[in-house]
Amino acid sequence: MSKDYEPSGGDNRGTPSPMNSPARPLGGLGGAAGAARNRPVVKPKQFKGTLKRLWSYLGHERKLLFIIFLFIVASALLALAGPYLIGTAVDSMEGGKGAVRFRLLQAALIGLAAAYLTDTCLTLFQSWMMAGLSQRVTANLRRALFGKLQKLPLSYFDARPHGEVMSRLSNDIDQVSQTVSQTTTQLMSGALAITGSLIMMLVLSPLLTLATLITVPLVYFLARAITRRTGPLFKAQQAELGRLNGHMEETISGLQVVKAFNREERSVEEFETINNRLYTVGLKAQISSGFLMPLLGVINNIGFAAVAIVGGTLAVRGSITVGVIASFLSYSRQFVRPINELANVYNLLQSGVAGAERAFEVLDVEEEPKDPAEAETMENPQGAVVFDDVSFGYRPEAPILKHIRFEAPAGSSTALVGPTGAGKTTIVNLLTRFYDATGGRILIDGMDVRSYTRDSLRRSFGIVLQDTYLFAGTIRENIKYGSPEATDREMQEAAELANADSFIRRLPGGYDTVLAENGSNLSQGQRQLLAIARVILAKPSILILDEATSSIDTRTELHIQDALLKLMRNRTTFIIAHRLNTIRDADTIMVIEDGEIVERGSHDELIGQKGAYERMFANSFKQLEGAEGA
């Protein structure tokens, strides 16, 4: 049931977003969205540490990595044979001493064709295997990240835009996937190519090798200068992309509110602002990284010119043959190309590490505290609730509840009323352990709620919210969400009790009607009825109705009162309501103001006191009369 629950934003946790009601920032995105968009861009904190941690995810693929490495070694040896065979072919046609040596030429050409063909096949196989490996690695990382999100406390999501969190699960992981697939084989093949080519060049001509090596320092300093600039830019690009996704998710989720308040133009302006920042930082990152290859090409040409000058001089003197020069040029190209690629790979690593770091930041967030070893499973709960001097604040400097004391006997009904932000929903948050009290203790059946396992504790609750949530799927799946083992007959009985069966059967697909996201193809009242049916089917011991009928018209509300009374029978019930006519029969009514209980008693007792409750009830009754007259 916890998936449906969204704590009240009236409890001073942050400034609400302009497009969301102040009462429910978690359902929208809250003020954290605006704050998140203005966060300063930071450089990757630990490039080496993040890279090492990312490499650890490849550890599960050691066997396949070893096979890929063998393929790369074979491919590198064949690549090294190519230039040697080219030099042999050139020398076989050297006409200084007479005829062309056709057998040697034929053998060289056949060997060259076989080497290149085999190399191509090996490259295709290793690319195919690497693609599968990289997808499995990123799938495992995405699985770990999604699993982590399920274990994080609600306070984590209260403080962050949902779209920004989703961006880490999608865009950042995709960036990691691209980095793993492209850099792993390039690093291995590049290292082998550089080593092998250097050995062959030294064998052919140490002097020409020196001419080639003059370009290496130039490549190193150029790559270092560029990647120092592109690293922070790629990090900033990923951060701005997350903010853009956060704004889009927020706007689409609250589109009705955006239109109702004529905020379309303002929303577009905000989108343009973030999009322009993303465009600017992305352009800088791409231009900076784009300088690398052309400048490396210039350096390579300098190296080839040096080899040509020195090689030509040596050939004229008779120190080396033309075939050796031809082989050496090929080897020098094989030597320089991986260096260039490694520089570019490092550039790509900057982007991949930026994405991985953002993913690992989520994985490192502290989870909800685990159940202690001595935690007990709540079995056959009776539902007796005691708040013993409970205090709490979502932020330490802003306390919400102050020394709350009350008892709710098993099977009783307790109504919580008061102005928005008084702390009514916070009491329910603490009862269900979506948050833990910072002072005092909460008892259920005589035991502190922290003594129970969270799973068994939350199974004892049934929650119906003002803003209910339905998942994409059939009506049948949504009603059975908390009780998948229930039979279809039990599901239909729950729907009948919630007065939802009649409208469900009128739908084209009945119980198999597929709902759009959050049931947007149903009315608000119909969605609420499905949520009530879902709770009825779960058969909880403690029932929480948080403005459960506020989205239903008065006639429908009266129509389902009997069903709610049946649902509440023999269950401890907490009712949060602004329509005070719905709580007249509650055993105890508590008036909450500024985090304190200012009045408590039955309806008649509180009316007789002629205090805050009597004034609230009079105003509520006038509003009800006005609605019925309309």
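Rounded to two decimals, the Cα-based Rg/Rh of segment 330-473, with Kirkwood Rh, is 1.31.
Where a ≥ b ≥ c are the square roots of the eigenvalues of the C-alpha gyration tensor, would you call segment 301-347 rounded, which needs a/c under 1.5, or, failing that, prolate if a/b is larger than b/c, or oblate? Because a/c hits 1.5 or more and a/b exceeds b/c, segment 301-347 counts as prolate. The H on the amide N of GLU599, modeled in the peptide plane, is under 5 Å from the matching H of VAL591, each at least 5 residues off or on a different chain.
Among the listed pairs LYS370/LYS539; LYS63/LYS235; LYS63/LYS284, which are separated by more than 30 Å between their Cα atoms? Each step should come with its number before you reach the end.
Details: LYS370/LYS539 26 Å; LYS63/LYS235 33 Å; LYS63/LYS284 40 Å.
Too far apart for the 30 Å limit: LYS63/LYS235; LYS63/LYS284.
Projecting label points 7 angstrom from Cα along Cα→Cβ for ALA516 and GLU367 puts them 3.7 nm apart. Looking at the chain, the DSSP beta bridges with both ends there are about 55 percent antiparallel.
Counting only heavy atoms of protein chains, what accessible area per residue, in Å², does the chain have with a probe of 1.4 Å? Could the numbers behind the result be given before it?
Details: 30420 Å² over 630 residues.
Per residue, the chain has an accessible area of 48 Å².
Kirkwood's formula applied to the C-alpha pairs of segment 50-123 gives a hydrodynamic radius of 14.8 angstrom. Accessible surface comparison of PHE271, PHE234, probe 1.4 Å, protein chains only, largest first: the order is PHE271, PHE234. Straight-line reach from LYS148: taking Cα to Cα under 17 Å and skipping same-chain neighbours fewer than 8 places apart, the aspartates and glutamates in range are ASP158, GLU164, ASP172, GLU357, GLU361, ASP364, GLU366, GLU367, GLU368, ASP371, ASP455.
By the gyration tensor of its Cα atoms, with a ≥ b ≥ c the square roots of the eigenvalues, what is the shape of segment 48-179: rounded for a/c under 1.5, prolate for a/b over b/c, or oblate? Working shown, then result.
Values: a/c = 4.92, a/b = 3.99, b/c = 1.23.
Here segment 48-179 falls in the prolate category.
Only alpha carbons enter this Debye calculation for segment 135-198, each as an equal point scatterer, and the log10 of I(q)/I(0) it gives at q = 0.15, 0.19 Å⁻¹ is -0.60, -0.77.
Angle check, please: helix 524-538 long axis (alpha carbons) against the longest principal axis of the chain (alpha carbons), in degrees 0 to 90, nearest 10. Helix 524-538 sits roughly 90 degrees off the main axis of the chain.
To the nearest 20 debye, what is the magnitude of the charge dipole of segment 254-293 about its Cα centre, counting +1 on the Cβ of each Lys and Arg and -1 on the Cβ of each Asp and Glu? Walk me through the numbers on the way to the answer.
Details: 5 positive and 5 negative charges, 23 e Å.
So the dipole magnitude of segment 254-293 works out to roughly 120 debye.
Computed from Cα positions, the angle between helix 215-253 and the longest principal axis of the chain comes to roughly 20 degrees. Placing MET200, MET166 in order of accessible area, with the largest value first and a 1.4 Å probe, yields MET166, MET200. Around the Cα centre of the chain, unit charges on the Cβ atoms of Lys, Arg, Asp and Glu (plus for the first two, minus for the last two) sum to a dipole of about 3200 debye.
Note on segment 209-301: with charges restricted to the Cβ of Lys and Arg (+1) and Asp and Glu (-1), its dipole about the Cα centre is near 480 debye. When the charge dipole of segment 160-274 is built from unit charges on Cβ atoms (+1 for Lys and Arg, -1 for Asp and Glu) and taken about the Cα centre, the candidate among LEU213, GLN186, THR251 whose Cα reaches farthest toward its positive end is LEU213.
Sorted by mean Cβ packing within 10 Å, highest first, what order do the peptides 312-320, 349-357 take?
Details: 312-320: 12.3, 349-357: 24.9.
Ranked by mean Cβ neighbours within 10 Å, highest first: 349-357, 312-320.
If the Kirkwood radius is taken over C-alpha pairs of the chain, then at 20 °C and 1.002 mPa s the Stokes-Einstein diffusion coefficient equals 72 µm²/s.
Taking the protein heavy atoms of the chain in the context of the full set of protein chains, the accessible area attributed to carbon and sulfur is 58 percent at 1.4 Å.
Could you quote the convex hull projected area for segment 180-266, Cα atoms only and averaged over all directions, in nm²? The directionally averaged projection comes out at 9.1 nm². The Cα atoms of segment 276-333 cover 63, 15, 8 Å along the three principal axes, with the biggest extent listed first. Ranking LEU443, VAL386, ALA422 by how far each Cα lies toward the positive end of the dipole of segment 334-478 (charges on Cβ) leaves ALA422 at the top.
Axis angle, to the nearest 10 degrees, between helix 47-56 and the longest C-alpha principal axis of the chain: 90 degrees.
Using only alpha-carbon positions in segment 136-288, the gyration tensor eigenvalues give semi-axes of 46, 21, 10 Å once each is multiplied by 5 and square-rooted (largest first). Pair-distance distribution P(r) for segment 363-405, from all Cα-Cα distances in 10 Å bins starting at 0: 19, 25, 44, 12 percent.
Multiply the residue gap between GLU490 and ASP436 by 0.36 nm, knock off their C-alpha separation, and tell me the result in nm, one decimal place.
Numbers: separation 54, 0.36 × 54 = 19.44 nm, distance 3.46 nm.
Stretched out fully, the GLU490 to ASP436 stretch lengthens by 16.0 nm.
The values are calculated or read from the model by the stated rules, or taken from the named source; none is laboratory data. This one's a predicted model, so the numbers in the text were calculated from it and none came from an experiment. Backbone-built Cβ (ideal geometry, glycine too); neighbour counts: all protein chains shown. Heavy atoms of the whole protein, side chains included, go into the accessibility calculation; ligands, DNA and RNA do not. Shrake-Rupley method; radii C 1.70, N 1.55, O 1.52, S 1.80 Å.
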